[in-house]
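Report on the following structure.
The values are calculated or read from the model by the stated rules, or taken from the named source; none is laboratory data. Because the structure is a prediction, the values reported are computed rather than measured. Here the Cβ is made from the backbone with ideal geometry for all residues, glycine too, and neighbour counts use every protein chain on show. Heavy atoms of the whole protein, side chains included, go into the accessibility calculation; ligands, DNA and RNA do not. Shrake-Rupley method; radii C 1.70, N 1.55, O 1.52, S 1.80 Å.
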Amino acid sequence: GHSLGSGVAALLSLLLLPKFPELRTVGFATPSVASGAKLLRNLEACCTSVVLRNDAIPRATLASVRQLFDDLVAFTDWRADAHDDWQSVMRRAKLLWAPQLRQPTVITKERSADPARKMVEQLVALAISNAVA
């Protein structure tokens with residue numbers, strides 16, 4: 001199993017071990033599912049857990065999770081930083097989606113000779129003036 005599934009598989013292995021003493025279980029990123037010397041010895045005998053580098057879940061214990069929650073509740077200095085970060089995100093978003101207006105194209109006599117080009121330039125100029133208004 002993987003993650004929570006491997007934790008369930010480990011516990012199920014403990015329950016099935018008396019009937020199937022040769023049972024072996026392999027789990028990937030197995031969370032801590034048991035405590036106590038006897039249970040841990042039984043798990044060690046039948047379960048192998050594969051952990052990727054610094055994956056926090058398999059290393060977390062009930063005590064470490066409780067400590068993490070206590071630390072998070074006690075930590076209040078984040079509010080000013082979160083406000084500054086949010087303001088920065090909003091400034092960037094406003095710039096990202098702000099309309100980018102172009103200056104109208106100056107039409108010279110040689111460019112305006114072609115009637116199709118003249119019509120396109122007039123439509124572009126009209127669209128720009130409507131966008132500005």
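Points to keep in mind about this one:
- Flag if Asp81 is at pLDDT 80 or above, in a helix (DSSP H, G or I), more than 30 Å from Ser6 (Cβ to Cβ) and open to solvent by less than 100 Å² (accessible area, probe 1.4 Å): yes
- Scanning segment 84-133 for residues that are modelled with pLDDT of 75 or more, within 46 Å of the chain's Cα centre (by Cα) and of a type in the set (S, T, N, Q) yields Gln87, Ser88.
- Among residues of segment 46-77 being of a type in the set (Gly, Ala, Ser) and touching a residue at least 12 places away in the same chain (Cβ under 8 Å), the one that is least open to solvent (accessible area, probe 1.4 Å) is Ala60.
- Within segment 49-70, the residues that satisfy the criterion of being touching a Ser or Thr at 6+ places or on another chain (Cβ under 7 Å) and not aliphatic (A, V, I, L, M) are Ser49, Pro58, Thr61.
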